[in-house]
Structure formats: structure tokens, C-alpha cells
Amino acid sequence: ERYPDVIEKDDNIILDSNSIAYVVGQLQRYCLLEATRDAVGDAFEVFIGHALKGAQGQFFTPKNVVKMIVDMMNIQTNEKVIDPFCGSGGFLVEALKNVWNKSETINNELGWPEREIEIEKQKIAIENFRGIDKDEFLSKVCKAQMAILGDGRGGVFCENSLDLPERWQFKTQDKIGLNKFDVVITNPPYGSKIKIDDKEILQQYDVGLKWKKDKKTGEWIKEKLRENDTPQNLAIERCMQFLKPGGRMALVLPDGIYGNDSLGYIRKYLIDNGRVIAVIDLPKETFMPHTSTKTTVIIVHKYKDEMDKKKIYPVFLAVCETCGHDRRGNIVENEEDDIAKVAEEFNNWRNKYGVEL
């Protein structure tokens, strides 16, 4: 009754009493919220199966990558945050915990009563955090995670974030819109086998067009609409569309986006619309054993205005050689996790050069 958006009336637990008692007995020793990895994501990897997951491009982001990104983004207590491909909610949960810690520290220093601090944390979760996932099961898992954490589940919606916003449900349109967010953090679905061929969807995006490179000038020129495109290409532009001017986004993207000659128009789109703040090369084992796709994290600041485009700026670059586990996903003893070191290095670099996020 308290969580109708997570558990519907038709949902029933069909286990007998002994089975429920056994499950509770096994789980009561663990705290999912303090797990070093996204426990719900891990469970999904095990139970849903590789074929279904791979077909939908659903590869969950390891906890160390999520924490690195959240720590680098320096999200403030008044900023609006969205994950447009939120899955089981790893980014949203970590970001909310991060912002809550900041809020608690600030308000403790101001001498606020504990009850008022908790009310403020609830307000942050309800007003500032949003998530979208087109998988109904995953959006419910995300809602459940947010409910377990404290709140914010009302900001999670089951929609296709790449679709026309006017085709979303009214309750989604009421809470989520383009050009409204300070921060986008996400790992979009990727894979060459997933295709979007809805012309109305493709028409929303510059990258949904065919582009041709002029051999003489080296410039990319727009041509006609594509017949289809992969979701990760469109996701980059949709994430930029979600940001207000001056906002910032962190995306986990396959390496092909950065090095494939035929995708130069996507790199052009990024540079035309935003300032690249950081690029972090992740080890090839990062998403193994679920996928061998090599990935890189990019952080981009959306230009505030034309003057912003003309500034010369430094870029933070990092290459991580280890991620704490091997190709089979087994923890490697006595091996340092390079990913866990990046955020501190980045923040030192940002302070040294006076780089604003």
C-alpha cells in the first residue's frame, strides 16, 4: 500500500512461509546499501541471463566506476540530477548518498536539529533526482533502491528516454524536461545489434542524420536522415539536450566513439556543443565477464554562451590499467585499483588549474 509504484496489486510473493524464513535468514547478515558493488545489478546479471541482457545493451556499471564519476562531478545540494538510462539505479543511489553527506555536513555546522536535517535530505531526493529506464522491471528495481535508501522513487519513470518527450506519460513530462538539469550521469545502452529506425525519433537528433566528410576541407557535412542508428549515438545528444547551459555530463561510452573514423561527426557534435573536461580510459576488464567492450568515461561541460565557446582550457586525461578484478570478474588480491585513484587526482588537478565544473 505504501509503495504502489514499486509493488502492484497483482504482484504476489508465492513462496511458502518456510521458504520466506529461509531467505530472510540468509539475507539478514548483509547490507545491500553498504555493498562494495551494485548488489542488485550483480543479481540481475546472474538471474536474467546474458542473452536477454546483451540484446538490450544492459551492462551494469561497476561500483568503482560509479563512485569515481560521482566524486569527480562534485554535485551540489541544490543541483538537479538525471540518469536517462538508470537501470537498477547505481548512479542515482551513489549520487544521492554523496549529496546527502554534503547536506548533512553543511547543516550540522549550522546547528540544525536532526529532524530538520532529515527533512532537507528528503526534499533533495524528491525535488532534485530523476531517472528514466525503458525496462519496466529495472525502473521498479531503481524505485525500490531509492525507497530503501530513503526516498526519491517518485522521480524514477519507465519511458524510452530517446523518444519524443511529448510521447512520454504526462506524469513524466511534468517532472522531466529538456534543458532543465545541472548534471547528467549515465552509462547509455550500447551495441551495434540494437537499432532505432523510428523516423520521428531520429528526426530529433543531429546525429540521427547521415554525415559526410569533405575530403578537401576535412569538415563534416549534414545530409539526409538515416534509416536507423544505434542508441549510444543518439544518447550522447539526448544527454546534452537534458542539460541546461553551463551544466555537465559524465558518460561511459565504447571506445569506438573516440577512435572510429566514420564517427567523427559525433566528436564534432560534442566539441561544437560542449567543453571536454576529462577523459578517463578504463581497463578492458572493467565490464568483463559480461561484455568485452572497451570503454572510456568522458566529462563534458555544456557551453553557457558563445563567449564560453572561445575559451582555451586544459583537459584532464587518465589511463587506468587495473580495475580490481580479472576477466572472469574475480577480485584480484594485492592488486591496486587504478579507477579508485582517479577522482582524487582529478580534484587536485581541478584545484591546481582553477577548472570549474
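Brief remarks on what is shown
- Each Lys or Arg adds one and each Asp or Glu takes one away; over the other residues whose Cβ falls under 11 Å from the Cβ of Lys294, this sums to -2.
- Within the listed set Leu32, Leu253, Leu270, the Gaussian network model of the chain (springs between alpha-carbon atoms below 10 Å) gives the highest mean-square fluctuation for Leu32.
- Taking label positions 7 Å along the Cα-Cβ direction at both Glu166 and Trp112, the computed distance is 4.0 nm, reported to one decimal.
- For the chain, modelled as a GNM whose springs connect Cα atoms under 10 angstrom apart, the maximal fluctuation among Tyr265, Tyr313, Tyr22 occurs at Tyr22.
- Within a Gaussian network of the chain (alpha carbon springs, distance under 10 Å), most fluctuating of Thr186, Thr105, Thr322: Thr105
- Projected label points at Lys284 and Asn228, each 7 Å from Cα along the beta carbon direction, are separated by 2.8 nanometres.
- Inter-part distance where the range 324-349 and the range 91-150 are each reduced to a Cα centre, Å: 26
- Contact order, relative form, for the range 136-176: 28 percent (alpha carbon pairs under 8 Å, 6 or more residues apart, mean separation divided by residue count).
- Inter-label distance, Glu345 to Lys9: 5.6 nm, where each label sits 7 Å from its Cα along the C-beta direction.
- Crossing angle, helix 63-73 versus the chain [Cα axis fit, 0-90 degrees, rounded to tens]: 60
- Here r is the Cβ-Cβ distance between Arg2 and Leu178 and R0 is 41 Å; the resulting FRET efficiency, rounded to 0.05, is 0.80.
- Förster radius 51 Å - calculated FRET efficiency between Asp16 and Asn101 (Cβ-Cβ, nearest 0.05): 0.80
- Gain upon complete extension [Leu32, Asp198; 0.36 nm per residue less C-alpha separation]: 55.9 nm
- Charge dipole (the chain, unit charges on Cβ, about Cα centre) - positive-most of Thr105, Leu225, Tyr30: Leu225
- Subtracting the Cα-Cα distance of Asp206 and Lys352 from their residue separation scaled by 0.36 nm leaves 48.9 nm.
- Alpha-carbon radius of gyration plus Dmax, which is the widest Cα pair, for the chain in Å: 20.9, 74
Rule-based calculations on the coordinates, nothing more; no lab input. Only a predicted model underlies this, so the values are computations on that prediction, with no experimental measurement involved. So basically every Cβ, Gly included, is an ideal-geometry build from the backbone, and we count neighbours across all protein chains shown.
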